[in-house]
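One structure is given below, encoded as structure tokens.
The values are calculated or read from the model by the stated rules, or taken from the named source; none is laboratory data. Owing to the predicted nature of the structure, the values given are computational and were not obtained by experimental measurement. Quick reminder, even Gly has a Cβ in these numbers, built from the backbone with ideal geometry, and neighbours come from all protein chains shown. Side chains included, ligands, DNA and RNA excluded: accessible areas come from the protein's heavy atoms. Shrake-Rupley method; radii C 1.70, N 1.55, O 1.52, S 1.80 Å.
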Amino acid sequence: MISEETSTTCPYCGVGCGLRVAQAPGGVIGVQGDPWHPANEGRLCVKGACLGETLDLGERLLAPRVNGRGVGWPEAVAAVAEGFARTIAEHGPEAVAFYVSGQLLTEDYYVANKLMKGFIGSANIDTNSRLCMASAVVAHQRAFGADAVPVCYEDLEHADLVVAVGWNGAWTHPVLWRRIEARRHDGERPKLVVIDPRGTATARAADLHLPVKPGTDGFLFNGLLDFLRREDGLDLAYLERHTEGFAETLAAARESAPSIPAVAETCGLAEAKVAEFYRLFARHARVVSVFSQGINQSATGVDKANAIINCHLATGRIGRPGAGPFSITGQPNAMGGREVGGLATQLAAHMALGDPEATERLGRFWQTDQVARAPGLKAIDMFEAIAAGRVRAVWIMATNPAVSLPDADRVRRALEACEMVIVSDCVGGTDTARCADVLLPAAAWGEKDGSVTNSERRISRQRAFHRPPGEARPDWWIITQVARAMGFESAFGYERPAEIFREHARLSGLDNPGRRAFDISALAELSDAEYQCLEPVQWPATRARPGGTKRLFENGAFYTPSGRARLVPIEPRLPATPPTPALPFVLNSGRTRDQWHTMTRTGETARLTAHRAEPYAEIHPADAAALGLRERSLLRVSGAEAEVLVRAELSPAQQRGTVFVPMHWSDAYAARARVGALVPPVTDPISGQPESKCAPVRLERPELAWHGILWLARGSLVLPELEYWARVRETECWRYELADRRAPPDWRAWCRARVGEAGEWIELLDAGAGRYRAACLRTGRLAAVLYVAPEPEGVDRRAVAGLFSEARLSHASRDAVLSGQPRRGAETGDILCTCFSVGETQVARAIAEGCDTVEALGAALGAGAGCGSCLSELRERLERWPLGAAQG
Ligand code: SF4
């Protein structure tokens, strides 16, 4: 029986879906999309739908720890405050830093920024959002005079043409993608052009896919600008009235992209495809260009984003329904961090660092004379400063840089050598937490109260429906306690997040007669009860427009000193780190469909690991053949200083000479799969955003003597001696995929050393062939199963894992446990539809039996009828296996 329902928001991506969480006295009984939330109108993707499964304590950090010792909050707070105070006294404020996260709520972010930039007096606070959208921030500032996203989600539905640039929305922002898809399937069909080196799920759905050479997007959009000039596609009146810089911008565009053949050559595209894209853009008045990490994560990310924006400004395709450039953020509150000054390069409320007027205003408002006057260290520079000993104390909040930053091994070594590392997080086992001197238990999603801003500037409340367990506390509370202990009691007297939000809203409106885009002064006087009930609202929300603002720049006025938008001349450059004879492949990294960041939550959910269980690399079949690799072979990917070992996935949609490795796997889930370790610390010179899409690497087939699969009912194994292991959550057990260069002399002894001696053992050993299978039962229930063979085996892993749910193993199951095969006709294959656990083999069978549309598959299997995240994969299977050709 539902006793309570809480409206809140999803903690994963930048779509910012609204949720309804239903609770009963025993706990959460359901998470559903909020039909009234404008971002998702009731839809959820599979990650959001599985949120209820991430709430158990698992690896939760439940009490503060100082130097490995459990302590109370007063001691932990004193240790942090004294450590910072001592470092500042001895080495100055530039010797300390905060590295924060787009996972923080706006209220957390606000107080962290206030402490560092307002009272410690340094701007050394930067955020992991630097890795995902810093280039878009700078591009907005250059073009519009403010970091302001012009459009809203509705514009995607109004558009005649959607251009997706470096955005695999079908996997990264599934609910927003479904809004576009729904429109297309309603028959209104906004055309879709996808510009992406990879043939992604999004690209498969496109009317036109341009598989550009990695890093050449700037040439493509410069070419578009000149094409629009040649074909009379410019809006000269708009250029005249509302912009500046057009002549120089056009000259630069013509210089670098003088003709369609030249663009096609540089971008590695067919001329006809380039021409078709240009004609589509010119022909449709309502165009939204969605860009994301494929543009931002580049050494020329700012220029690429401005090249896109230039085309919108030159054609007046901005400030009206269905038109505009649209930067989509990766994280749930990357936007909130931008608003409060979470980046080392800006002050709170969109005020500029180094602007004397802003410094004075902020000092007056916060009652401090310590406001930072110069930009602080951006993420990559911050960890270089830690490595060099210039930063001696760092506080890392809600993020895992030892996995996610470029050159991640160096980051980890820097943290291990740093004098003082403080980590506040809700889990204690992350790669970064292992480097901490002080570990602070933070509240998790479901326990936190505050606000977030999504990609369309929409502020929504995130509401708590649980008390934090143990000693866990909200981040704003932890920061506030440390600030008070450092002597800043009066400035950090907050008792609840509503007080912080009101102050943040007041600051946004201070001395702001429309000159700063970020203004939510309409919310500055909310009572606690009104804050609790706050409905989603898009900023600016001023006293003149208290209901918020859907779309910006409708009147053609911008936030530059002249009030005109700026076109920015772009001289595109090829990637800063091209392949070399020693490192001949180009590595691209990104997200998979069902995982989130470093898997600290989504890796703990069996339903979400079913889609992609192990770290993998997508490579072209011809490259794989040249390397002697088959589907699911293990593959070594090496950079200049590090390597990963991952499964090969053969995909003709991957360009030859390139490889894609997802960003999610950390040392907690695999032996060596941290793709960040392969990415050189090369950044955009203006935004500081790393180039994570173009790293040179070498591929090799490793020599391995054996492969194994170990299922364990409980416990987590440490297997440092093995070349390869990957840990996978199953519903009733953990699964370990294993491989190594040398086989142990005695498999029985090896197995018992890891599983324990006790129990009833069922075993098969073929020593000559190097095969061994064993199952261990304790009180009649499966405790462990191990399969070993010289080559990877086609075992139905789900069938074996399913046996762990039997309280007492049946005779039939005892017979089956070492066969590794499901009942005939019950094979599922790799999971495609996570909502209904429908596997590829089932889909193949259904197609062979006559299902020829996704609707028919939905009716037969349920596949695709839940969140819809798998629809593009189902369509791809329907195309790949036309009726009668499927393998049943
Ligand atoms: Fe969460 Fe999925 Fe919505 Fe993103 S699209 S906010 S991950 S439910």
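For this structure, a couple of remarks:
- Residue in the stretch 489-496 that is closer than 30 Å to D155 by Cβ, in contact (Cβ under 8 Å) with a residue 40 or more places away in the chain and open to solvent by 10 Å² or more (accessible area, probe 1.4 Å) present: no
- Residue list for the stretch 847-878, filter: assigned to a helix (DSSP H, G or I), touching a helix residue (DSSP H, G or I) at 6+ places or on another chain (Cβ under 7 Å) and in contact (Cβ under 8 Å) with a residue 40 or more places away in the chain: L871, S872, E873, L874, R875, E876, R877
- Test result for A112, away from the ligand (no atom under 16 Å from the Cβ), in contact with a helix residue (DSSP H, G or I) (Cβ under 9 Å, 6 or more places away or on another chain) and open to solvent by less than 40 Å² (accessible area, probe 1.4 Å): yes
- Inside the stretch 41-54, residues that are under 16 Å from I29 (Cβ atoms) and open to solvent by 40 Å² or more (accessible area, probe 1.4 Å) make up a count of 1.
- Qualifying residue in the stretch 551-570 (condition: β-branched (V, I, T), in contact with a Lys or Arg (Cβ under 7 Å, 6 or more places away or on another chain) and more than 16 Å from the ligand (Cβ to nearest atom)): yes
- Test set (1) of a type outside the set (D, E, K, R); (2) touching a helix residue (DSSP H, G or I) at 6+ places or on another chain (Cβ under 8 Å); (3) open to solvent by 10 Å² or more (accessible area, probe 1.4 Å) - G470 fails condition number: (2)
- Residue count for the stretch 41-73 under the criterion of being away from the ligand (no atom under 16 Å from the Cβ) and either closer than 30 Å to G864 by Cβ or not in a helix (DSSP H, G or I) (or both): the result is 17.
Matching residues to (1) touching a helix residue (DSSP H, G or I) at 6+ places or on another chain (Cβ under 7 Å); (2) open to solvent by 20 Å² or more (accessible area, probe 1.4 Å); (3) β-branched (V, I, T); (4) without any contact (Cβ under 8 Å) to a residue 24 or more places away in the chain:
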residue: L782; (1), (2), (3), (4): yes, no, no, no
residue: V788; (1), (2), (3), (4): yes, no, yes, no
residue: P792; (1), (2), (3), (4): no, yes, no, no
residue: A801; (1), (2), (3), (4): no, no, no, no
residue: A807; (1), (2), (3), (4): no, yes, no, no
residue: S819; (1), (2), (3), (4): no, yes, no, yes
residue: C835; (1), (2), (3), (4): yes, yes, no, no
residue: G839; (1), (2), (3), (4): no, no, no, no
residue: V843; (1), (2), (3), (4): yes, no, yes, no
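A quick yes/no check of all residues on (1) buried (at least 24 other Cβ atoms within 10 Å of the Cβ); (2) among the aliphatic types (A, V, I, L, M); (3) without any contact (Cβ under 8 Å) to a residue 24 or more places away in the chain:
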{"site": "Y238", "(1), (2), (3)": "no, no, no"}
{"site": "Q293", "(1), (2), (3)": "yes, no, no"}
{"site": "A307", "(1), (2), (3)": "yes, yes, no"}
{"site": "C311", "(1), (2), (3)": "yes, no, no"}
{"site": "A323", "(1), (2), (3)": "yes, yes, no"}
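- Considering the stretch 1-20, and only residues there that are of a type in the set (A, V, I, L, M) and surrounded by 22 or more Cβ atoms within 10 Å (Cβ to Cβ), the residue that is farthest from the ligand (Cβ to nearest atom) turns out to be L19.
Residue-wise test of (1) at pLDDT below 85; (2) more than 37 Å from the chain's Cα centre (by Cα); (3) under 23 Å from Y772 (Cβ atoms).
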| residue | (1), (2), (3) |
| --- | --- |
| A807 | no, yes, no |
| R814 | no, yes, yes |
| P822 | yes, no, yes |
| E827 | yes, no, no |
| C833 | no, no, no |
| V838 | no, no, no |
| A844 | no, no, no |
| A848 | no, no, no |
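- Filter result for A349 (within 20 Å of the chain's Cα centre (by Cα) and either buried (at least 24 other Cβ atoms within 10 Å of the Cβ) or assigned to a helix (DSSP H, G or I) (or both)): no
- The stretch 21-40, subset more than 11 Å from the ligand (Cβ to nearest atom) and either closer than 23 Å to G864 by Cβ or aromatic (F, W, Y) (or both), residue most open to solvent (accessible area, probe 1.4 Å): W36
- Among the residues of the stretch 610-627, not a single one is under 30 Å from F246 (Cβ atoms) and open to solvent by less than 30 Å² (accessible area, probe 1.4 Å).
- Qualifying residue in the stretch 240-253 (condition: in a loop (DSSP other than H, G, I, E, B), among the aliphatic types (A, V, I, L, M) and within 30 Å of V586 (Cα to Cα)): no
- Meets criteria (open to solvent by less than 60 Å² (accessible area, probe 1.4 Å) and modelled with pLDDT under 95) for G223: no
- Filter pass, V403 being in contact with a Leu (Cβ under 7 Å, 6 or more places away or on another chain), modelled with pLDDT under 95 and within 18 Å of V100 (Cα to Cα): no
- Checked against (1) more than 16 Å from the ligand (Cβ to nearest atom); (2) of a type in the set (S, T, Y); (3) within 24 Å of L552 (Cα to Cα), Y153 meets all criteria but (1).
- Filtered residues of the stretch 1-40 (kept if outside any loop (DSSP other than H, G, I, E, B) and over 25 Å from the mean Cα position of the chain (by Cα)): E4, E5, T6, A22, Q23, A24, G27, V28, I29
- Single condition M335 does not satisfy, out of (1) open to solvent by less than 10 Å² (accessible area, probe 1.4 Å); (2) outside any loop (DSSP other than H, G, I, E, B); (3) more than 19 Å from M397 (Cα to Cα): (3)
- Residues that are buried (at least 24 other Cβ atoms within 10 Å of the Cβ) and not β-branched (V, I, T) were ranked within the stretch 169-191; the one that is nearest to L220 (Cα to Cα) is G169.
- Qualifying residue in the stretch 275-291 (condition: in contact (Cβ under 8 Å) with a residue 24 or more places away in the chain, under 22 Å from A170 (Cα atoms) and surrounded by fewer than 18 Cβ atoms within 10 Å (Cβ to Cβ)): yes
- Filter pass, A541 being under 30 Å from the mean Cα position of the chain (by Cα), closer than 30 Å to E456 by Cβ and at pLDDT 95 or above: yes
- Among the candidates A76, A97, the residue that is in contact with an Asp or Glu (Cβ under 8 Å, 6 or more places away or on another chain) and away from the ligand (no atom under 13 Å from the Cβ) is uniquely A97.
- Number of the exception - D594 against (1) within 28 Å of R412 (Cβ to Cβ); (2) open to solvent by 30 Å² or more (accessible area, probe 1.4 Å); (3) among the charged types (D, E, K, R); (4) part of a loop (DSSP other than H, G, I, E, B): (2)
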